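Beneath this line is the structure, given in structure tokens, with notes to follow.
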Amino acid sequence: MQLFIAAFEDVPDPRAENVRHDLVEILIVAFVAVLCGAQSCAEMAEFGREKIKFFTRFLKLKHGIPSHDTFSTVLRMLDPKALDAAFGQINARLVAALAKGGVIAIDGKSLKGAYDKGGKCAPKMMVSAYAAGLRLTLATVAAKGRNEVDAALEVIGLIDLKGKIVTGDALHCNRRMVEKIVEKGGDYCIALKGNQESLRSDASACLLAAEKPKGARKAPPTARTETKAHGRVETRVAVVVDAKGLAEYHGFKGLKAFGRIEATRQIDGKTTTDVRIFALSRKLSPQALLETARAHWQIENALHWQLDVSFGEDAARNRKDNGPANIAVLRRRALDVARLDQSKGSLTTKLKRAGWNNAFMLKLLCQMR
């Protein structure tokens, strides 16, 4: 617990000097409550009252557990970037374990319940950098005005990219993003679609020319995988070719190669085909391209999906000021902590067990040492 206390001491307190409750103690109670399944400020306060004997082992709590209004006020005023940075300090040792060549996936997720009256079509959004191999959130930024591109650039600026491969969907295939990645010493593998029509057209031409070589030239090697699950059979075939100096022509910094993955899926006798093209700053092998593209989906399956299923993020109605962003940060970091536990059982079961069993709760928190 001391690790969390030390990290939270660096978070600036936005309140007046005459406040009753200590900011660090508020954040500790809020985080542990979220780790045990709390989804609102009212539940944070109730959890704190039920577990006050546990918390007084580590905290002074001179004025007891804060009310739900105090939790709400603090989370609305607090800077989400400062809160996320505090967790970054806690995770520093784990992040150091991210291997060279590890995949960092970038993607945004809407907080579907976080919208003002009449704004259901425009909920708030969080953009995260996710270490696929570690299943760990490296940084999270709230997208101002739902501008996912600018938020992604900000996230990239917060993390170390040396030797890492950054993946993203076509929204992040732009000159600003690839320039930022290369400047920070990273590589990229980003999907190419209609938003970069000229570049995609040249990529398709390069792939076609390589597959129909003239003279003594050989066709490029390919890699193939086949998976069978949930009543479907999916085959993926990958190929990688040189970009032939197109980086300068398109102003696309670091561009070295293009990759293509053709996925064929069979379900109930019906066959569908999907072709994806990627811009690459490193000429990966076809097998490495398959693995990198597959790793990117961890941010959807292991982060976004889990946040909805185990933490009820889509149903959360926190919506005022910085409240939604700060609680979203708490959820992501609570997921990081819970994921470190290697005991049997689903993640949802572990969260509930932490709420029931103080010893198990403490075990989860001590994993961050």
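Would you work out which of 204, 129, 177 lies farthest towards the positive end of the dipole of region 100-211, given +1 charges on the beta-carbon of Lys and Arg and -1 on that of Asp and Glu, about the Cα centre? Of the options given, the answer is 129.
Protection proxy ranking of 8-17, 196-205, by the mean of other Cβ atoms within 10 Å over each peptide's residues and highest first, is 196-205, 8-17. Ordering 280, 240, 309 by the projection of their Cα atoms onto the charge dipole of the chain, which places +1 on the Cβ of Lys and Arg and -1 on the Cβ of Asp and Glu, puts 240 at the extreme positive end.
Packing around the peptides 155-164, 135-144, taken as the average count of other Cβ atoms within 10 Å per residue, puts them in this order, highest first: 135-144, 155-164. Dimensions of region 282-369 along the principal axes, based on C-alpha atoms and rounded to the nearest Å, stand at 49, 36, 23, largest first.
Might you report the magnitude of the Cβ-based charge dipole of the chain about its Cα centre, with Lys and Arg at +1 and Asp and Glu at -1, to the nearest 20 debye?
Here the chain has a charge dipole of around 800 debye.
Taking the Cα centre of region 119-247 as origin and assigning +1 to Lys and Arg Cβ atoms and -1 to Asp and Glu Cβ atoms, the resulting dipole is close to 300 debye. Per the Debye formula on identical point scatterers at the alpha carbon atoms of region 161-288, with no solvent, log10 I(q)/I(0) at q = 0.12, 0.16, 0.21 Å⁻¹ is -0.49, -0.82, -1.20.
Past the 22 angstrom mark, what percentage of all C-alpha to C-alpha distances in region 112-230 do you count? Above the 22 Å cut-off, region 112-230 has 54 percent of its Cα pairs.
From the largest down, the chain spans 82, 43, 42 angstrom on the principal axes of its Cα atoms. Taking every alpha-carbon pair under 8 Å whose residues sit at least 6 apart, region 250-369 reaches a relative contact order of 15 percent.
Panel values: region 105-161, Kirkwood radius from alpha carbon pairs, Stokes-Einstein at 20 °C and 1.002 mPa s, translational diffusion coefficient 181 µm²/s. Our note on the geometry: Cα centres of region 244-282 and region 51-118, 37 Å apart. Considering only protein heavy atoms and a probe of 1.4 Å, how much of the accessible area of the chain is carbon and sulfur, as a whole percent? The computed percentage sits at 50. Give the relative contact order (percent, whole number) for region 35-95; include only Cα pairs under 8 Å separated by 6+ residues. Relative contact order comes out at 34 percent.
The mean accessible area for residues of the chain, using a 1.4 Å probe and ignoring ligands and nucleic acids, is 48 Å² per residue. Here the simple spin-label model places points 7 Å from the Cα toward Cβ, and for residue 282 and residue 89 these points are separated by 3.1 nm.
Restricting the calculation to Cα atoms, every distinct pair contributes to the Kirkwood radius of region 28-178, found to be 17.5 Å.
The values are calculated or read from the model by the stated rules, or taken from the named source; none is laboratory data. Quick caveat, the model's predicted, so the values are computed rather than measured. Cβ atoms come from the backbone with ideal geometry, glycine included; neighbour counts cover every protein chain shown. What goes into the accessible areas is simple: the full protein's heavy atoms, side chains included, and nothing from ligands, DNA or RNA. Shrake-Rupley method; radii C 1.70, N 1.55, O 1.52, S 1.80 Å.
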